[in-house]
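None of the figures in this text is laboratory data; all of them are computed from the coordinates on show. These numbers come from a predicted model, not from an experiment. Positions of Cβ are backbone-derived with ideal geometry, glycine not excepted, and every protein chain shown enters the neighbour counts.
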Amino acid sequence: MMKKLLLALFLFHLSHFTSGNKPISTLSSSSSSSSDIVRTSCVHASYPTICVRTLSSYSGSAIKTPQDLAQAAVKVSLSCAHKSSGFLSQLKVESKREKGAKSDCIEQIGDSMDELSKSLSELKHLRRGNAFKWQMSNLETWVSAALTNEDTCLDGFKEIDGKLRSDVKRKITNVARVTSNALYLINRLDDSQNKITHP
């Protein structure tokens, strides 16, 4: 009886540790694979260091293809734009010129968020074949427009000196850089369309 009990316990522990190792190994492999695609894809981005830093947080998630990575990049850009919009809304301004620049910038960042939202939706429904080129054209147009809006926002503060201008420049420049990286990663999909997945 004792021998049977010991054998049962031994088999239980053996099966527990054996099966327990599999998910850890799989997770490690998946995380490593995601990290690899982030690093290799960001090498030639407009801002490679920012690209790796902002997208590394997605390494543990399901980034398996260039399409997944482009979606993550647009999400990062959209999040940064949203935070910058909140920052601008709380910004204290005094002169008429400052108020005008702030109002215009909030509107432009809002337009950027609209363009990025459309881009994210389109990225989720990319298809092989004839529709692909049309979808890519839309994506490049929308993300480029978002980038232009961000640059235009900065232009409005060129004639404004001091801390206000530097604070806005720091925030919006960050948005513009992650948006530029997103555009780069979207453009790379032209070379990777065979890896695009269906929902």
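Points worth noting:
- Check: the range 89-198 dipole with +1 on Lys, Arg Cβ and -1 on Asp, Glu Cβ, in debye: 320
- Modelled label positions at Arg188 and Val43, each set 7 Å beyond Cα in the direction of Cβ, lie 1.0 nm from each other.
- Debye equation applied to the C-alpha atoms of the range 47-199, log10 I(q)/I(0) at 0.15, 0.17 Å⁻¹: -0.75, -0.90
- For the range 129-145, the Karplus equation 6.51 cos²θ - 1.76 cosθ + 1.60, evaluated at θ = phi - 60°, returns couplings of x, 4, 5, 4, 5, 5, 5, 4, 4, 4, 4, 5, 5, 5, 5, 4, 5 Hz by residue, with Gly and Pro reported as x.
- Sorted peptide list for 92-99, 79-86, criterion being average Cβ within 10 angstrom, highest first: 79-86, 92-99
- In this structure, Glu159 and Lys64 have a Cβ-Cβ separation that, at R0 = 45 Å, corresponds to a calculated FRET efficiency of about 0.40.
- Pairs from the list Lys64/Lys133; Lys83/Lys163; Lys96/Lys171; Lys64/Lys102; Lys96/Lys169; Lys118/Lys163 with a Cα-Cα gap above 30 Å: Lys64/Lys102; Lys118/Lys163.
- Ordering of 38-47, 159-168 by packing is 38-47, 159-168, highest average first (other Cβ atoms within 10 Å, averaged per residue).
- Difference of contour (0.36 nm per residue) and Cα-Cα distance, Phe132 to Thr173: 11.7 nm
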